[in-house]
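Chemist: Take a look at the following structure, please.
The values are calculated or read from the model by the stated rules, or taken from the named source; none is laboratory data. Everything numeric in this text was worked out from a predicted model, so none of it was measured. For neighbour counting, all protein chains shown are included, and Cβ atoms are generated from backbone atoms with ideal geometry for every residue, glycine included.
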Amino acid sequence: MQVILRTMIPVRSGVSIRYAVTAKPELWEIPEGPVPESTAHDAAVLRLFLLLSAWANMRSGVRVARNLALRWLEEHPRTGIDPDVCVLHPTPEDFDSLRSLRLWEPGRVPPIFCGEIVSASHPYKDYAEIHERYAALGAFELFVFDPLLLGPHALGGPVTFQLWRRDAIGALERVHFGNEPVYSHALDAWLSVAERELIISDDRAARHRWQTGEERERTEKERERAEKERERAEKERERAEKEQERRARMALEQRVAELERQRER
(Lines give C-alpha, C1' and ligand atoms only; values in the text may rest on other atoms or scores of the structure.)
Protein backbone atom coordinates (compact mmCIF):
# COMPACT_ATOMS: atom_id res chain seq x y z
CA MET A 1 0.00 0.00 0.00
CA GLN A 2 1.39 3.36 -1.01
CA VAL A 3 1.06 5.91 1.79
CA ILE A 4 1.64 9.62 1.21
CA LEU A 5 1.67 11.85 4.30
CA ARG A 6 -0.40 14.96 3.75
CA THR A 7 -0.60 16.85 7.04
CA MET A 8 0.17 16.31 10.70
CA ILE A 9 -1.88 18.52 13.00
CA PRO A 10 -1.19 18.59 16.77
CA VAL A 11 -4.28 17.86 18.89
CA ARG A 12 -4.78 17.39 22.62
CA SER A 13 -4.36 13.62 22.62
CA GLY A 14 -1.75 13.28 19.86
CA VAL A 15 -1.67 14.15 16.19
CA SER A 16 -4.27 14.15 13.44
CA ILE A 17 -2.90 12.54 10.31
CA ARG A 18 -4.33 12.88 6.82
CA TYR A 19 -2.87 10.62 4.15
CA ALA A 20 -3.54 9.20 0.70
CA VAL A 21 -3.62 5.54 -0.25
CA THR A 22 -3.61 3.75 -3.55
CA ALA A 23 -7.02 2.32 -4.43
CA LYS A 24 -7.22 -1.47 -4.11
CA PRO A 25 -10.31 -2.51 -6.10
CA GLU A 26 -9.40 -6.19 -6.27
CA LEU A 27 -8.84 -6.41 -2.50
CA TRP A 28 -12.05 -4.49 -1.81
CA GLU A 29 -14.32 -6.91 -3.66
CA ILE A 30 -17.32 -8.06 -1.62
CA PRO A 31 -17.61 -11.85 -1.26
CA GLU A 32 -20.81 -13.58 -2.24
CA GLY A 33 -23.26 -14.56 0.50
CA PRO A 34 -24.06 -13.09 3.93
CA VAL A 35 -21.48 -12.92 6.72
CA PRO A 36 -22.76 -14.43 10.01
CA GLU A 37 -22.82 -11.99 12.93
CA SER A 38 -23.52 -12.28 16.65
CA THR A 39 -26.85 -11.39 18.20
CA ALA A 40 -25.17 -8.50 20.07
CA HIS A 41 -23.85 -7.08 16.79
CA ASP A 42 -27.25 -7.44 15.13
CA ALA A 43 -29.01 -5.77 18.08
CA ALA A 44 -26.64 -2.77 17.95
CA VAL A 45 -27.13 -2.43 14.18
CA LEU A 46 -30.90 -2.68 14.53
CA ARG A 47 -31.03 0.00 17.22
CA LEU A 48 -28.96 2.41 15.11
CA PHE A 49 -31.19 1.69 12.11
CA LEU A 50 -34.42 2.22 14.09
CA LEU A 51 -33.22 5.46 15.67
CA LEU A 52 -32.15 6.88 12.32
CA SER A 53 -35.31 5.65 10.59
CA ALA A 54 -37.56 7.40 13.11
CA TRP A 55 -35.52 10.59 12.62
CA ALA A 56 -35.63 10.27 8.81
CA ASN A 57 -39.40 9.77 8.81
CA MET A 58 -39.78 13.34 10.05
CA ARG A 59 -37.62 14.75 7.23
CA SER A 60 -38.21 15.12 3.55
CA GLY A 61 -35.91 13.33 1.14
CA VAL A 62 -34.03 11.30 3.77
CA ARG A 63 -34.03 7.48 3.94
CA VAL A 64 -32.04 4.90 5.88
CA ALA A 65 -30.82 1.52 4.61
CA ARG A 66 -29.22 -1.58 6.15
CA ASN A 67 -26.50 -3.52 4.36
CA LEU A 68 -27.07 -1.65 1.12
CA ALA A 69 -24.46 -2.51 -1.51
CA LEU A 70 -22.47 0.65 -2.26
CA ARG A 71 -20.40 0.49 -5.45
CA TRP A 72 -18.38 3.28 -7.06
CA LEU A 73 -16.16 1.74 -9.78
CA GLU A 74 -17.97 0.79 -12.97
CA GLU A 75 -14.92 -1.14 -14.17
CA HIS A 76 -14.91 -3.08 -10.85
CA PRO A 77 -18.63 -3.55 -10.06
CA ARG A 78 -17.96 -5.99 -7.21
CA THR A 79 -15.66 -3.57 -5.41
CA GLY A 80 -17.39 -1.69 -2.64
CA ILE A 81 -18.74 -1.74 0.88
CA ASP A 82 -22.03 -2.83 2.46
CA PRO A 83 -22.40 -0.57 5.51
CA ASP A 84 -24.34 -1.79 8.51
CA VAL A 85 -26.44 1.38 8.23
CA CYS A 86 -26.33 4.35 5.87
CA VAL A 87 -28.32 7.57 5.47
CA LEU A 88 -29.18 8.70 1.96
CA HIS A 89 -29.97 12.32 1.13
CA PRO A 90 -31.30 13.05 -1.38
CA THR A 91 -33.15 9.76 -1.59
CA PRO A 92 -33.01 7.86 -4.90
CA GLU A 93 -36.40 7.80 -6.58
CA ASP A 94 -36.26 4.00 -6.76
CA PHE A 95 -35.26 3.56 -3.12
CA ASP A 96 -38.04 1.08 -2.32
CA SER A 97 -36.74 -1.31 -4.98
CA LEU A 98 -33.04 -0.43 -4.69
CA ARG A 99 -30.69 -3.43 -4.59
CA SER A 100 -27.40 -1.51 -4.82
CA LEU A 101 -26.25 2.08 -5.10
CA ARG A 102 -23.97 2.35 -8.14
CA LEU A 103 -22.46 5.79 -8.00
CA TRP A 104 -21.53 5.85 -11.69
CA GLU A 105 -25.23 5.86 -12.58
CA PRO A 106 -27.00 9.21 -13.09
CA GLY A 107 -28.55 10.80 -10.03
CA ARG A 108 -26.61 8.72 -7.51
CA VAL A 109 -24.70 10.41 -4.67
CA PRO A 110 -22.73 8.95 -1.75
CA PRO A 111 -24.44 8.60 1.67
CA ILE A 112 -24.16 11.52 4.07
CA PHE A 113 -23.69 9.16 7.02
CA CYS A 114 -22.54 5.55 7.32
CA GLY A 115 -22.50 3.51 10.52
CA GLU A 116 -20.44 0.42 11.25
CA ILE A 117 -20.65 -1.75 14.38
CA VAL A 118 -17.38 -3.44 15.31
CA SER A 119 -17.72 -7.19 14.99
CA ALA A 120 -16.03 -9.89 17.03
CA SER A 121 -15.33 -11.80 13.82
CA HIS A 122 -13.25 -9.04 12.20
CA PRO A 123 -12.47 -6.14 14.59
CA TYR A 124 -9.21 -5.25 12.82
CA LYS A 125 -11.12 -4.21 9.70
CA ASP A 126 -13.08 -1.54 11.56
CA TYR A 127 -9.94 -0.06 13.09
CA ALA A 128 -7.37 -0.42 10.32
CA GLU A 129 -8.83 -0.28 6.84
CA ILE A 130 -12.56 0.29 6.60
CA HIS A 131 -12.19 4.07 6.43
CA GLU A 132 -10.13 3.75 3.24
CA ARG A 133 -13.11 2.31 1.41
CA TYR A 134 -15.39 5.05 2.67
CA ALA A 135 -12.83 7.63 1.60
CA ALA A 136 -12.85 6.14 -1.90
CA LEU A 137 -16.64 5.94 -1.83
CA GLY A 138 -17.05 9.64 -1.04
CA ALA A 139 -19.18 9.30 2.11
CA PHE A 140 -19.45 12.50 4.15
CA GLU A 141 -19.27 10.86 7.61
CA LEU A 142 -18.29 7.41 8.84
CA PHE A 143 -19.31 6.42 12.37
CA VAL A 144 -17.72 3.33 13.94
CA PHE A 145 -19.30 2.05 17.17
CA ASP A 146 -17.56 -0.56 19.34
CA PRO A 147 -20.09 -1.30 22.14
CA LEU A 148 -18.29 -4.42 23.39
CA LEU A 149 -14.82 -2.83 23.11
CA LEU A 150 -13.46 -5.47 20.77
CA GLY A 151 -10.91 -3.28 19.02
CA PRO A 152 -7.28 -4.43 19.03
CA HIS A 153 -4.76 -2.76 21.35
CA ALA A 154 -2.21 -2.83 18.54
CA LEU A 155 -4.32 -0.26 16.68
CA GLY A 156 -4.92 2.03 19.64
CA GLY A 157 -8.17 0.39 20.73
CA PRO A 158 -10.47 -0.39 22.03
CA VAL A 159 -12.50 2.83 22.00
CA THR A 160 -16.25 3.23 21.93
CA PHE A 161 -16.47 5.71 19.08
CA GLN A 162 -14.64 6.65 15.93
CA LEU A 163 -15.89 9.41 13.66
CA TRP A 164 -14.44 10.17 10.26
CA ARG A 165 -15.53 13.29 8.36
CA ARG A 166 -14.81 14.64 4.89
CA ASP A 167 -13.08 17.99 5.07
CA ALA A 168 -13.18 21.01 2.77
CA ILE A 169 -10.63 19.57 0.35
CA GLY A 170 -12.37 16.20 0.13
CA ALA A 171 -10.16 14.12 2.44
CA LEU A 172 -11.77 11.79 4.98
CA GLU A 173 -10.21 12.61 8.34
CA ARG A 174 -10.65 10.94 11.71
CA VAL A 175 -12.00 13.67 13.97
CA HIS A 176 -12.85 11.53 17.01
CA PHE A 177 -11.30 8.43 18.59
CA GLY A 178 -12.39 7.82 22.16
CA ASN A 179 -15.14 6.99 24.64
CA GLU A 180 -16.69 10.40 25.20
CA PRO A 181 -19.76 11.66 23.27
CA VAL A 182 -19.17 12.74 19.68
CA TYR A 183 -21.05 15.25 17.54
CA SER A 184 -22.21 14.33 14.04
CA HIS A 185 -22.54 17.13 11.52
CA ALA A 186 -24.57 14.91 9.19
CA LEU A 187 -27.19 14.19 11.86
CA ASP A 188 -26.84 17.45 13.77
CA ALA A 189 -26.86 15.33 16.91
CA TRP A 190 -24.66 13.82 19.62
CA LEU A 191 -23.84 10.13 19.88
CA SER A 192 -23.08 8.61 23.27
CA VAL A 193 -23.49 5.31 25.09
CA ALA A 194 -25.24 4.16 28.26
CA GLU A 195 -24.81 0.58 29.47
CA ARG A 196 -23.45 -0.36 26.03
CA GLU A 197 -26.57 0.97 24.31
CA LEU A 198 -26.20 3.68 21.70
CA ILE A 199 -27.84 7.01 22.49
CA ILE A 200 -28.48 9.74 19.91
CA SER A 201 -29.55 13.06 21.37
CA ASP A 202 -29.92 16.75 20.59
CA ASP A 203 -27.54 17.70 23.40
CA ARG A 204 -24.21 16.42 24.68
CA ALA A 205 -25.65 15.50 28.09
CA ALA A 206 -28.27 13.28 26.37
CA ARG A 207 -31.21 14.93 28.10
CA HIS A 208 -33.16 15.15 24.84
CA ARG A 209 -32.78 11.68 23.39
CA TRP A 210 -33.95 10.40 20.05
CA GLN A 211 -36.39 7.53 20.14
CA THR A 212 -37.22 4.66 17.83
CA GLY A 213 -40.71 4.57 16.37
CA GLU A 214 -41.74 1.95 18.93
CA GLU A 215 -40.28 3.97 21.82
CA ARG A 216 -42.02 7.12 20.57
CA GLU A 217 -45.34 5.28 20.33
CA ARG A 218 -44.86 3.86 23.82
CA THR A 219 -44.00 7.31 25.17
CA GLU A 220 -47.09 8.77 23.54
CA LYS A 221 -49.28 6.07 25.06
CA GLU A 222 -47.73 6.67 28.47
CA ARG A 223 -48.36 10.39 28.03
CA GLU A 224 -51.99 9.69 27.11
CA ARG A 225 -52.38 7.39 30.12
CA ALA A 226 -50.85 10.03 32.37
CA GLU A 227 -53.20 12.67 30.95
CA LYS A 228 -56.22 10.42 31.49
CA GLU A 229 -55.04 9.69 35.03
CA ARG A 230 -54.65 13.43 35.63
CA GLU A 231 -58.17 14.07 34.32
CA ARG A 232 -59.54 11.21 36.47
CA ALA A 233 -57.77 12.60 39.53
CA GLU A 234 -59.11 16.08 38.79
CA LYS A 235 -62.67 14.75 38.48
CA GLU A 236 -62.23 12.80 41.72
CA ARG A 237 -60.99 15.95 43.44
CA GLU A 238 -63.99 17.94 42.17
CA ARG A 239 -66.36 15.16 43.28
CA ALA A 240 -64.73 15.10 46.74
CA GLU A 241 -65.04 18.91 47.02
CA LYS A 242 -68.70 18.80 46.03
CA GLU A 243 -69.36 16.02 48.54
CA GLN A 244 -67.59 18.04 51.22
CA GLU A 245 -69.70 21.11 50.35
CA ARG A 246 -72.89 18.99 50.44
CA ARG A 247 -72.06 17.63 53.87
CA ALA A 248 -71.16 21.07 55.15
CA ARG A 249 -74.47 22.44 53.83
CA MET A 250 -76.42 19.59 55.42
CA ALA A 251 -74.62 20.15 58.72
CA LEU A 252 -75.45 23.86 58.54
CA GLU A 253 -79.08 23.16 57.76
CA GLN A 254 -79.29 20.73 60.67
CA ARG A 255 -77.73 23.32 62.98
CA VAL A 256 -80.17 25.98 61.85
CA ALA A 257 -83.08 23.61 62.35
CA GLU A 258 -81.83 22.76 65.84
CA LEU A 259 -81.57 26.44 66.73
CA GLU A 260 -85.11 27.02 65.47
CA ARG A 261 -86.43 24.23 67.69
CA GLN A 262 -84.59 25.62 70.72
CA ARG A 263 -86.01 29.09 70.04
CA GLU A 264 -89.52 27.72 69.80
CA ARG A 265 -89.12 25.90 73.10
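Chemist: If you go through region 133-140 one residue at a time, do you hit one that is under 27 Å from residue 39 (Cβ atoms), charged (D, E, K, R) and assigned to a helix (DSSP H, G or I)?
Modeler: yes
Chemist: Moving on. Tally time: how many residues in region 108-146 are surrounded by fewer than 20 Cβ atoms within 10 Å (Cβ to Cβ), farther than 18 Å from residue 71 by Cβ and either among the hydroxyl-bearing types (Ser, Thr, Tyr) or at pLDDT 95 or above (or both)?
Modeler: 2
Chemist: Which residues, taken from region 55-65, are without any contact (Cβ under 8 Å) to a residue 60 or more places away in the chain and surrounded by fewer than 17 Cβ atoms within 10 Å (Cβ to Cβ)?
Modeler: Within region 55-65, 58, 59, 60, 61 meet the criteria.
Chemist: Next up: Any chance you could count how many residues in region 145-166 are assigned to a loop (DSSP other than H, G, I, E, B) and touching a residue at least 60 places away in the same chain (Cβ under 8 Å)? Let's see the steps before the verdict.
Modeler: Restricting attention to region 145-166, the residues satisfying the condition of being assigned to a loop (DSSP other than H, G, I, E, B) are 146-152, 156-160.
Of the ones still in play, those that are also touching a residue at least 60 places away in the same chain (Cβ under 8 Å) are 147-148.
Going through region 145-166 one residue at a time, the tally reaches 2.
Chemist: Given the structure, is residue 185 at pLDDT 95 or above and surrounded by 14 or more Cβ atoms within 10 Å (Cβ to Cβ)?
Modeler: Yes: the conditions hold for residue 185.
Chemist: So which strands (runs of 3 or more DSSP E) are wholly in region 177-234 and hold at least 3 residues that are closer than 22 Å to residue 85 by Cα and free of Cβ contacts under 8 Å to residues at least 60 places away in the same chain?
Modeler: On the way: elements: 182-184, 189-194, 197-201.
Fully inside region 177-234 and qualifying: 189-194.
Chemist: Provide a single number: the residues in region 84-129 that are without any contact (Cβ under 8 Å) to a residue 40 or more places away in the chain, hydroxyl-bearing (Ser, Thr, Tyr) and assigned to a loop (DSSP other than H, G, I, E, B).
Modeler: Counting residues in region 84-129 that are without any contact (Cβ under 8 Å) to a residue 40 or more places away in the chain, hydroxyl-bearing (Ser, Thr, Tyr) and assigned to a loop (DSSP other than H, G, I, E, B) gives 1.
Chemist: Report yes if some residue within region 226-236 is among the aliphatic types (A, V, I, L, M) and at pLDDT 85 or above; otherwise report no.
Modeler: So far as region 226-236 goes, no, none of its residues is among the aliphatic types (A, V, I, L, M) and at pLDDT 85 or above.
Chemist: Oh, and also: With respect to the numbered conditions (1) within 17 Å of residue 125 (Cα to Cα); (2) modelled with pLDDT of 85 or more, which one is the sole condition not fulfilled by residue 73?
Modeler: (1)
Chemist: Let me ask another. Mind telling me which of the residues 101, 50, 68 ends up being farther than 23 Å from residue 145 by Cα and at pLDDT 90 or above?
Modeler: 101
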